[in-house]
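Everything below concerns the one structure shown next.
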Amino acid sequence: MRSGLLARLCVPFIVAVVAVLVPAQTAAAHPFGPPSTARIAVDGDRVTLAWLPAEDDWVALGQSLGAFEDPATGADTTLTGEQKLARSAAVRDYLLAHVGVTQGGRPCAAELEPLERLLAEGARFGFECPEPVVTVDVRIAALTDLHQAYRTVLTSDTPAEPAKVLFTKAEDTRSVRFDAPEGGGVPLAVPAVALVAVLGVLVLLLVRRRAPAPPAASDKPAEPAATPGTGV
Amino acid sequence: MNDLTGPENVLITLFDGAGAFWPALIVALGAGALHAVAPGHGKSVTAAYLIGTHGRYRDALRLGVVVALMHTVSVLALALAWVGLSSGAAAVGTEAVTAWLQVVAGVVVIGVGAHLTYRHLRGRTTHAHHGHGHGHGHGHGHGHGHGHAEVHDPWSARGLTALALSGGLVPSPSAFIVLVSGLLTGRSFGAVVLVLAFGAGMAVTLTGVGVVTVRGATMVRGRTPRLRALRTAAAWAPALAGVAVAIGGCLYLATAVTALSS
């Protein structure tokens, strides 16, 4: 008996302790959650591309490349993380090695602008292609070597086909055409229909739940049953 | 990265690899079930609530289904917004939206917990002359309660619904990533099916936790303690459960505020 009572007393405490000790999962924790984004624009034979990962992605990249420690002086507290990333040669080399544009199999000459304001503006690349750009192959493989769930969505400021391109570890190079007519967006009919359908089922379930319950079958018909009107 | 993300990694790898669909579907179910084991989704607070309100098996099932449906709605809505909006605005917006959803969930949970405690305290004051009004272990079946007022308490039903909705409000990052990837690679239908399967997996786990909670609470409740002091203490269990629910809500809120302020 007492053990049962103790259990009864303990359950809320255990629940509270578990709740306190185990913090809620961060819903947007990378590499899961929203992909990194990138923007591309074309002008003649020049392609500009800005790659914009989230702040925690920059931290992950900087740590993997040792950008936050200075081998000569050890830990430096005078610079911000952003400044340490900006001055790191390893970060620049990594970015140039993992983001690229080719035209007909020939690489477009890449330059990486100084990594100032990288949290706000990202890593800004310029590519000089051999000929005026119509179709190019874009490669964005940054971060996917750290974790396969990292991915980047490229959006074009110049009308392009496809309008949005996804880069993953499995597919890090995609062809983009810039002579396409504008308007080919991402088809969203299927998820929109699914959203309405699931929402409908949820609402139905909740409405049915609120509706008055049918009178319960009583195993003692003569008994004045539970008072009606208090149903859920 | 904890071990629970293993199946979610496999799910993403299978989906990216664009191989056979069935393995991905099975992994999605398993990943959903395991995802619901991870912190969040109101398992602790709902368990406390089921104890505090003397919940039934039916409540546990409904709870699992509502959390899973709400989660699916949340993932679909957020992924649609993310892909539909211009990428720059969406990238900034999604994390803030997620954090704000968590704020809403936290506030709802705190409210439910506070109300549960308040209701119990008020009930004790009102019905003081009944002694403690619980422990009605009549032993003829469980869950039907022969029309006992507590079972049909409408606030109990609403509280459980509120907890379930708040538990599903914050989308799973891996389900979100699968859906966004599917939309952007012309595999919307498959991705939507995987997200639904993920939700079904979550429902199985959450219902299971609820059933175990109800079973345990029913078993314990059937025993009447002899010592008066212990009886009195036991009668406070629902109020303590309410406090536990509110503490859980505070933690949601604290996590969300940390995310918003960083």
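Based on alpha carbons, the Rg and Dmax found for segment A:28-146 are 15.3, 48 Å. The HN-Hα couplings worked out from phi for segment A:132-147 by the Karplus form 6.51 cos²θ - 1.76 cosθ + 1.60 (θ = phi - 60°) are x, 7, 10, 10, 9, 9, 9, 10, 10, 10, 5, 6, 5, 6, 7, 7 Hz, whole numbers, x standing for Gly and Pro. Here the Karplus curve 6.51 cos²θ - 1.76 cosθ + 1.60, taken at θ = phi - 60°, turns the phi angles of segment B:177-184 into couplings of 5, 5, 5, 4, 5, x, 5, 8 Hz, with x standing for Gly and Pro.
Note down the net charge around B:Thr207, summing +1 for each Lys or Arg and -1 for each Asp or Glu among other residues with Cβ under 14 Å from its Cβ. Taking every Cβ under 14 Å from that of B:Thr207, the sum is +4. Treating r as the C-beta distance of B:Phe189 and A:Arg208 and R0 as 25 Å, the FRET efficiency rounds to 0.30.
Ranking of B:Val245, A:Val136, B:Val211 by neighbouring Cβ atoms within 10 Å, starting from the fewest: B:Val211, A:Val136, B:Val245. First measure r as the distance between the Cβ atoms of A:Val134 and B:Ala81, then evaluate 1/(1 + (r/R0)^6) with R0 = 35 Å and state the FRET efficiency to the nearest 0.05. Efficiency, rounded to the nearest 0.05: 0.60. I'd like the FRET efficiency for A:Glu113 and A:Asp179, computed as 1/(1 + (r/R0)^6) with the beta carbon distance as r and R0 of 35 Å, rounded to 0.05. Efficiency at R0 = 35 Å is approximately 0.85. Taking amide H as placed 1.01 Å from N in the peptide plane, A:Thr135 has its amide H under 5 Å from the amide H of A:Phe178, each at least 5 places away in sequence or on another chain.
Using the Cβ atoms and a cut-off under 12 Å, what net charge is assigned to the surroundings of A:Pro130, where Lys and Arg are +1 and Asp and Glu are -1?
Working: positive: A:Arg46, A:Arg106; negative: A:Asp45, A:Glu128, A:Glu131.
Result for the neighbourhood of A:Pro130: -1.
Neighbouring Cβ atoms within 10 Å as the yardstick, rank A:Ile40, B:Ile177 fewest first.
Values: A:Ile40 24, B:Ile177 28.
Listed from fewest to most nearby Cβ atoms, that is A:Ile40, B:Ile177.
The modelled label-to-label distance between B:Tyr118 and B:Trp100, using points 7 Å beyond Cα along the C-beta direction, is 2.6 nm.
Annotation: amide H-H contacts under 5 Å for A:Arg151 (H modelled 1.01 Å from N, sequence separation of 5 or more, or interchain): A:Ser36. The ranking of A:Ser64, B:Ser181 by Cβ neighbour count inside 10 Å, starting from the fewest, reads A:Ser64, B:Ser181.
Readers should treat all values here as calculations from the given coordinates under stated rules, not as data from a laboratory. Note that this is a predicted model, so its numbers are computed, not measured. Methodologically, a virtual Cβ is constructed for each residue, glycine included, from the backbone with ideal geometry; neighbour enumeration extends over all protein chains shown.
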